[in-house]
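Following: one structure in structure tokens, then a few remarks.
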Amino acid sequence: MTPSEKKKAHLLGFIQHGVNSHATGMWRNPTDKIGYHFSRPEYWQHMGRTMERGLFDAMFIADELAPYTTYEGSSDATVKYAVQCPTHEPSTIVPIITSATKNLGVGVTLSTMFTHPYAMCRLLSSLDHLSNGRVAWNIVSSYSKSEWEAYGHEDMTPRSERYDRMDEYIRLCCELWDSWEPEAIVADKATGVYADPSKVKVIDHDGKYFKCRGRHFCSPSPQQRPVFWQAGSSGRGRDFAAEFAEAIFAVHPGVERMREYADDLNDRIINKFNRPAGSVKLIYGVQTVVAQTRQEAQEKYERIRSCIPLEGALAWISGHFGLDFSKMDLDENIKNLEVPGIQGLFESIIYAKDPKGEQPVTVREAALIYAQGMGMPVLCGTASDIADQLEVFMDEGGADGFMLAATYTPGCFEEFVDMVVPELQRRGRYRTSYAGPTLRENLLQE
Ligand SMILES: Cc1cc2nc3c(=O)[nH]c(=O)nc-3n(C[C@H](O)[C@H](O)[C@H](O)COP(=O)(O)O)c2cc1C
């Protein structure tokens, strides 16, 4: 295969509207947020411009709705060690990022669990208008008991019912988004007719989980619907993603598990849901630590690791998987079981040491591996080392692109853009310009 026939990578910067993203202890790193504060617009403008300079498809803003409470039945350790806490509301920064950029998309994580579909559609249509068609929605249903408690629920709905509900949710959203016909807006000043009501459908939905009667309050936005992102990894999650998503996110520690995952997902996409091959991008999480020399990269990596507090790490895995790890011995081996929380990410721990999951992983190891970047492969070295690995993940692991988890900001993205992007371009494995103004066009670019 010549370089021009090989797949080109899509890139996303994975981050949260908080002091800490997916590397626990990041805020302590002396190279983190020098001259910036995460709660200020200047930080987000700079992050957006940096990612756009690197021709990223989008910034991916992850979110959860409340501090984790699973570890020792309290949010004390979460608060104490800044375990994804504080985290501010993610949609508020979207217009700040998109007004500082022209092409960069923004994927925002918004939970279907406590917001009515009608309000969700209105919010996302408004953001898609304001960004001129650059918004994606990472569709989640809230996996942590703390989120449910914060919103006044004693118990969390089981996974399978969460997916049933999310299925009805997304179908209703699509009805709303598709309810304005293209010629509905007449805007005839002479007659005073702005829109033709016969072309704006009244939605009348009476389902198992939702009722909705009314017209969508927003006119069609540039993308009509936001780009759909999903990251469910259980069987139900994979089906949901294969049916609806335009990009799917997963974390696998090595290329063998990536390949299995890609084969399974592509089979569901093509054979179960009759969608064309290539219509859904498979995006894998990676953490990169790049420098001019391997030794320098290794030193940076050690600094990142030294920032992780063990108790904070335990609070994070407890929150993400829904198991209280304070009740387990640190040297006990983790068992492969179905967890109430994020199943797909739990598997990144089980298979952290070998692709068959035969080498046991202790609680301590799991916590420290996970706290560094959710069990993503850590690519540490020169730009060439990192590009080599990314090529393997694309060619052998089925990746269409990568979400780059923050290690310290904005530095890790600046370094990736300055060093790794040109190396990927030299190899013909990365775009040299955007395909078009909308996120969907860029995500579909070959
Ligand atoms: C890479 C990745 C990122 C995720 N980001 C979020 C997030 O920001 N917020 C959230 O509520 N869930 C997030 N999730 C959780 C999933 O979207 C999904 O709700 C969860 O995995 C439960 O479904 P599952 O058991 O089918 O995996 C993420 C999952 C993965 C794999």
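Over the range 204-294, the ratio between the Cα radius of gyration and 2.2 N^0.38 Å evaluates to 1.46. Derived from the Cα gyration tensor, the three semi-axes of the equivalent ellipsoid of the range 290-446 are 32, 19, 15 Å, largest first.
Under 26 Å of direct C-alpha separation, and excluding same-chain neighbours fewer than eight residues apart, Lys201 reaches these lysines: Lys189, Lys211.
For the range 161-168, 3J(HN,Hα) computed residue by residue from phi via the Karplus equation (6.51, -1.76, 1.60; θ = phi - 60°) reads 6, 4, 6, 4, 5, 5, 4, 5 Hz, glycine and proline entered as x. In percent, rounded to a whole number, the relative contact order of the range 1-61 is 49, using alpha-carbon pairs under 8 Å and six or more apart. Setting aside same-chain residues fewer than 8 positions from Lys300, which lysines have a Cα under 23 Å from its Cα? Within the straight-line cut-off, Lys300 pairs with Lys33, Lys353.
Under unit Cβ charges (Lys, Arg +1; Asp, Glu -1), what dipole magnitude, rounded to 20 debye, does the chain have relative to its Cα centre? Walk me through the numbers before you get to the answer.
Values: 47 positive and 60 negative charges, 194 e Å.
Charge dipole, the chain, about its Cα centre: 940 debye, nearest 20.
Each residue of the range 426-439 was assigned a 3J(HN,Hα) from its phi angle through the Karplus expression (A = 6.51, B = -1.76, C = 1.60, θ = phi - 60°), giving 4, 8, x, 10, 8, 4, 10, 7, 6, 6, x, x, 9, 5 Hz with x at Gly and Pro.
Over its Cα atoms, what ratio of radius of gyration to 2.2 N^0.38 Å does the range 208-248 give?
Values: Rg = 13.9 Å, N = 41, 2.2 N^0.38 = 9.0 Å.
For the range 208-248, the normalised Cα radius of gyration is 1.54.
Between Asp204 and Cys174, full extension at 0.36 nm per residue minus the direct alpha carbon distance yields a gain of 9.5 nm.
For the range 9-21, 3J(HN,Hα) computed residue by residue from phi via the Karplus equation (6.51, -1.76, 1.60; θ = phi - 60°) reads 6, 9, 10, 9, x, 9, 7, 10, 7, x, 6, 9, 9 Hz, glycine and proline entered as x.
For Lys356, the aspartates and glutamates whose Cα comes closer than 15 Å to its Cα, not counting residues fewer than 8 places off in the same chain, are Glu256, Glu260, Glu347.
Dimensions of the range 258-304 along the principal axes, based on C-alpha atoms and rounded to the nearest Å, stand at 48, 16, 14, largest first. A viscosity of 1.567 mPa s and a temperature of 4 °C, combined with the Kirkwood radius over Cα pairs in Stokes-Einstein, give a translational diffusion coefficient for the range 129-204 of 81 µm²/s. Against the main long axis of the alpha-carbon atoms of the chain, helix 41-53 sits at an angle near 90°. Find how much the distance from Asp164 to Ile185 grows on full extension, using 0.36 nm per residue of separation minus their present alpha carbon separation; answer in nm with one decimal. Length gained, Asp164 through Ile185: 4.1 nm.
Could you tell me how many cubic angstrom of Cα convex hull volume the range 1-49 has per residue?
127
Sparsely packed loop sites in the range 1-74 (the trypsin sites (Lys or Arg not before Pro) outside DSSP H, G, I, E and B with at most 15 other Cβ atoms within 10 Å) comprise Lys6.
Length available on full extension from Glu154 to Ser279: 0.36 nm per residue minus the Cα-Cα distance, which gives 41.1 nm.
With N set to the number of residues, divide the alpha-carbon radius of gyration of the range 1-108 by 2.2 N^0.38 Å and report two decimals. Mind dumping the intermediate values first?
Working: Rg = 16.3 Å, N = 108, 2.2 N^0.38 = 13.0 Å.
Ratio of Rg to 2.2 N^0.38 Å for the range 1-108: 1.25.
For the range 12-107, what relative contact order do you get, as a whole percent, if you take Cα pairs closer than 8 Å and at least 6 residues apart? Write out the running numbers ahead of the final one.
Working: 142 pairs, mean separation 39.6, N = 96.
Relative contact order for the range 12-107 comes out at 41 percent.
What angle, in degrees between 0 and 90 and rounded to the nearest 10, separates the Cα long axis of helix 255-267 from the longest principal axis of the Cα atoms of the chain? That helix lies at roughly 20 degrees to the long axis.
Can you give the Kirkwood hydrodynamic radius for the range 174-218, in Å, rounded to one decimal and based on Cα pairs? 11.6 Å is the Kirkwood radius here. With contacts taken as Cα pairs under 8 Å and at least 6 residues apart, the range 217-327 reaches a relative contact order of 19 percent. From the largest down, the range 150-263 spans 65, 37, 24 angstrom on the principal axes of its Cα atoms. Computed about its Cα centre, the charge dipole of the range 16-172 is approximately 660 debye, with only Lys, Arg, Asp and Glu carrying charge at their Cβ.
Charge dipole of the range 314-446 (Cα centre as origin; +1 on each Lys and Arg Cβ, -1 on each Asp and Glu Cβ, all else neutral): 220 debye, rounded to the nearest 20.
A Cα-only calculation for the chain places Rg and Dmax at 21.6, 78 Å.
Rule-based calculations on the coordinates, nothing more; no lab input. The shown structure was predicted, so the numbers you read here are calculated from the model rather than taken from an experiment. When we count neighbours, we look across all protein chains shown, and the Cβ atoms used for this are built from the backbone with ideal geometry, even at glycine.
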